[in-house]
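Trainee: My structure is below; once you've seen it, I'll send some questions.
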Amino acid sequence: MDITEYIQLVFTDYTLRTITLGTAVLGAATGMLGSFAVLRKQSLLGDAISHAALPGIAIAFLITGAKDTNTLLIGALVSGLIGTFWIRGIVTKTHLKSDTALGLILSLFFGFGMLLLTFIQKQPNANQAGLDKYLFGQAATLVESDVWLMAIVTGICLIVMLTFWKEFKILLFDADYTKTLGFNTKTIDILITSFIVLAIVLGLQTVGVVLMSAMLLAPAAAARQWTNSLAMMVFLAALFGAFSGVFGTAISATQNNLSTGPVIVLVASVFVVFSFVFSPSRGLLFKQIRFIKNRRDLELHKTLAFMHHIAETHEDISHPHAIKLLNNFQGYTRSTLQKLVEKDYVELKGNMWSLTKIGFETAANLYTKQVTENE
Amino acid sequence: MSSAQFEIQLIASLVAVACAIPGTFLVLRKMAMISDAISHSILPGIVIGFFITHDLNSPLLILLAALTGIVTVILVEYIQKTGLVKEDTAIGLVFPALFSIGVIMIAKNANDVHLDVDAVLLGELAFAPFDRLVIAGHDVGPKSLWIVGTILAITVTLLFTFFKELKVSTFDKGLAASLGFSPAILHYGLMSVSSVTTVGAFDAVGAILVVALMIAPAAAAYLLTTNLKKMLGLAIGFGIFSAIFGYWVAHWLDASIAGSITTVLGLVFLLVYLFAPSKGIIAVLYRERQQRTEVSLLTFLLHLKNHDDLSERHVKHLNEHINWQKVRSKTVLDLAIKNNMITIDNAIVSLTEKGDEFTSKAINYIITNEDTQIEDMKDDFFLFRG
């Protein structure tokens, strides 16, 4: 199946269209809210919350006995929120650190959820099958109403975020200052956290509890590499998230036996790796290139300074000296000498070198003023 | 109790002990979430190992999977070192990616692999006694018992051999390095033990519940003691108790054994979290209230010392002046009287000799910025606490 054919199919096929739209909306929402989680150093909160949502789903099912997506998600939301605030309680009231609290809530809630799920499986209720789709998610079970729900919730998140943009931003970067300005930091904090929980719960049906945290983190971590502005980062993260959803769905739809959730996560991870390597200002590739360039410049300067040191002792600055003299010097290589010649700082005659007038002046001013050309 | 039941409980207890030992150090080193990452990311290792050996209990598979765990740790540390993202983000990026690869590998080969993601994540302890190890025709017990037993033996040996090194490097990295213990070797040693334990235990209790067995007992123990040996002992105790009690809960509910062990662990932690003598939530809240009253008392005494005129020292006036609610001012007044700090004469409050001495000392400490000394001083002066 080639690409045009696939795109046509996306517009004509109901299931494929729903899933593509659903994962795209989900990716955008999680990317957007994930930016806040990443910047607030709550990256792993998503992991903990998504696991903590499991018992909520099971309990909602036990109480209502029906498998209505919305009721189950409300259960997940409640138990996710309980988990979040318990984590907060552990961190603020005891000397246990946040990683312990996260790991505790994550595993304990998940284990309790599993107990309930296995308990439900033994119940004589024909309705119970398929609850375990929340473990790994099943994008194929998305229907149009689910996508509408996601879109509406994402819309509300967007509106709230834009309304409280200033407050969110200032709390993110300087919590103490926010407090002194008189903002109610606790409320803003709870608002952001609740929205993060909400985004996670929405994604459970599609990618499942185990992989949900990656949906939250990966787009945001990728977006962080390209910009230093919060607005841009949120926008980029939403974009990356949406594209991960679309591409992931496309890849899993064209292959047999590929569940959508893991593929989406892998696509998002590819975005992250690409951003880590190729981002112009922070990326590893350009950092390495800058590093090598700086080292070369430094060697060049060192050689020039050394030459200047020798030339200084003579009245005629262009008095030729043997290349052998330079051999003891660490920064010297044949290529640095060649570079210096190219720059007209040095003249070579046979086995002798001599500084030119420009070379001498540059060397004299090397450590007294910034040389602009290397910036 | 049938022999299968006994074996299940024995395996569960051994797993609990094997997890509690590295778990204690992970909690103390603030690396608890690494165990979560390892438990997820060993999946591709398990799958590859399974392709090669076709046996979930083969030592090669355990080694391969443990290797994946160590690769995870190295990857996480590499990403952290680049400084591109904050520390915990690195963990959150690595393990879902590796886990996804594992899930996809299983899905692509679903037809020729008898391996289920659910089984890896959740394990099934109930089946453990049926997979027997037979040596030269003799049935020597369940395979997982031998695997977990071996891992436990290795862990315990390492613990006793390197206890001092582990202890020093956990609490003071700088000192450990200056004493000549390589922090890197200890770090990766601990990571290796955690990986091997996770892999060895996943078959019995599932990957995620390994995390619970590592963190929960250690966290509960940490709330009860600050002595490393006692903490290890308590963590092991909590682990064994939850394993055995959890088994019977599962038996009674007819539900997943691993799930119910975790639930029991959760209840144990909840109880300790609420009722631990000095670090529990109730004790903390009580202490906070007590401190609030004592700070109020101090403010009140300072006010008395600063003002000589009778109008400032009238009981009614104090209510307005320091702006306290009625109940609060009453508690503070009562406390002050009980401790013999003030006398009330005709509704006029005045400091006693003892109260005067206490206040002068407190002012002295506040001026010299040694506020912490006031806590110790309280022990000398107070008969009753707030």
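Trainee: Taking amide H atoms as placed 1.01 Å from N in the peptide plane, list the residues 5 or more away in sequence, or in a different chain, whose amide H sits under 5 Å from that of B:Leu133.
Mentor: B:Val140, B:Gly141, B:Lys143
Trainee: For peptide B:99-106, compute the average count of partner chain beta-carbon atoms within 10 Å of each residue's beta-carbon.
Mentor: 6
Trainee: Moving on to the next point. How big is the accessible area of A:Glu5 in square angstrom, nearest 10, if you roll a 1.4 angstrom probe over the protein chains?
Mentor: 100 Å²
Trainee: Pop out a list of residues from the stretch B:9-33 that are at least 20 Å² less accessible with all the protein chains around than in their chain alone; 1.4 Å probe, no ligands or nucleic acids counted.
Mentor: For the stretch B:9-33, once contacts with the other chains are taken into account, B:Val27, B:Lys30, B:Ala32, B:Met33 lose 20 Å² or more.
Trainee: Continuing with this model, one more query. What is the magnitude of the charge dipole of the stretch B:63-206 about its Cα centre, with +1 placed on the Cβ of each Lys and Arg, -1 on the Cβ of each Asp and Glu, and no other charges, expressed in debye to the nearest 20?
Mentor: My answer is approximately 440 debye.
Trainee: Enter the buried accessible area of the A/B pair, total of both sides, probe 1.4 Å, in Å² rounded to the nearest 100.
Mentor: The contact between B and A buries close to 5000 Å².
Trainee: Using the alpha-carbon atoms, what tilt in degrees (0 to 90, nearest 10) does helix A:45-64 show relative to the longest principal axis of chain A?
Mentor: Between the helix axis and the principal axis of chain A, the angle is about 10 degrees.
Trainee: If you don't mind, there's one more thing I want to ask. Expressed as a whole percentage, what fraction of the accessible surface of chain A belongs to carbon and sulfur atoms when a 1.4 Å probe is rolled over the protein heavy atoms?
Mentor: Its accessible area is 63 percent carbon and sulfur atoms.
Trainee: Still on this structure, please answer the following. For helix B:281-306, report the angle its Cα long axis makes with the longest principal axis of the Cα atoms of chain B; keep it between 0 and 90° and round to the nearest 10°.
Mentor: 20 degrees
Trainee: While we're here: Amide H neighbours of B:Ser256 under 5 Å, at least 5 residues apart or on other chains, H built in the peptide plane: list them.
Mentor: The answer is A:Thr118, A:Phe119.
Trainee: Add +1 for every Lys or Arg and -1 for every Asp or Glu among the other residues with Cβ under 12 Å from the Cβ of B:Leu186, and state the total.
Mentor: That sum, taken over residues with Cβ under 12 Å, equals +3.
Trainee: Same structure again: Taking every residue in A:135-142, how many Cβ atoms of other protein chains lie within 10 Å of its Cβ, on average?
Mentor: Counting Cβ atoms of other protein chains within 10 Å of each residue's Cβ and averaging gives 1.
Trainee: Any chance you could look up the accessible area of B:Val71 with a 1.4 Å probe, heavy atoms only, rounded to 10 Å²?
Mentor: Probe radius 1.4 Å; accessible area of B:Val71 about 70 Å².
Trainee: Report relative contact order for chain A in percent, whole number only (criteria: Cα-Cα under 8 Å, sequence separation at least 6).
Mentor: 21 percent
Trainee: Another question about this same structure. Can you tell me the accessible area per residue over chain A, all protein chains present, probe 1.4 angstrom, in square angstrom?
Mentor: So chain A comes to 47 Å² accessible per residue, rounded to a whole number.
Trainee: Further question: Quantify, in whole percent, the carbon and sulfur part of the accessible surface of the stretch B:282-381 (1.4 Å probe; protein heavy atoms only).
Mentor: Of all accessible area on the stretch B:282-381, carbon and sulfur atoms account for 49 percent.
Trainee: Do you know which residues of the stretch A:224-267 lose at least 40 square angstrom of accessible area in the protein assembly compared with their chain on its own, with a 1.4 angstrom probe?
Mentor: Buried-area filter returns A:Asn257, A:Leu258, A:Pro262, A:Leu266.
Trainee: Rounded to the nearest 10 Å², what accessible area does B:Lys330 show when all protein chains are kept and the probe is 1.4 Å?
Mentor: 120 Å²
Trainee: With everything on Cα atoms, drop me the angle between helix B:32-53 and the longest principal axis of chain B, reported from 0 to 90° to the nearest 10.
Mentor: That helix lies at roughly 0 degrees to the long axis.
Trainee: Under a straight-distance cross-link criterion of Cα-Cα below 17 Å, which aspartates and glutamates are reachable from B:Lys143, leaving out those fewer than 8 residues away in the same chain?
Mentor: Qualifying aspartates and glutamates at Cα under 17 Å: B:Glu7, B:Asp55, B:Glu124, B:Asp131, B:Asp203.
Trainee: List the relative contact order of chain B as a percent without decimals, with contacts defined as Cα pairs under 8 Å and 6+ residues apart.
Mentor: Normalised by residue count, the contact order of chain B is 19 percent.
Trainee: Here's something else I'd like to know. Using the heavy atoms of the protein chains and a 1.4 angstrom probe, tell me the accessible area per residue for the stretch B:3-51 in square angstrom.
Mentor: Dividing the accessible area of the stretch B:3-51 by its residue count gives 19 Å².
Trainee: Taking the Cβ of B:Leu335 as the centre, find all other residues whose Cβ is under 9 Å away and add up their charges (Lys, Arg: +1; Asp, Glu: -1).
Mentor: 0
The values are calculated or read from the model by the stated rules, or taken from the named source; none is laboratory data. What you are looking at is a predicted structure, and each value in this text was computed from that prediction instead of being measured. Neighbour counts are summed over all protein chains in view; Cβ atoms, including those assigned to glycine, are modelled from backbone coordinates with ideal geometry. SASA here: full protein model, heavy atoms, side chains in, ligands and nucleic acids out. Shrake-Rupley method; radii C 1.70, N 1.55, O 1.52, S 1.80 Å.
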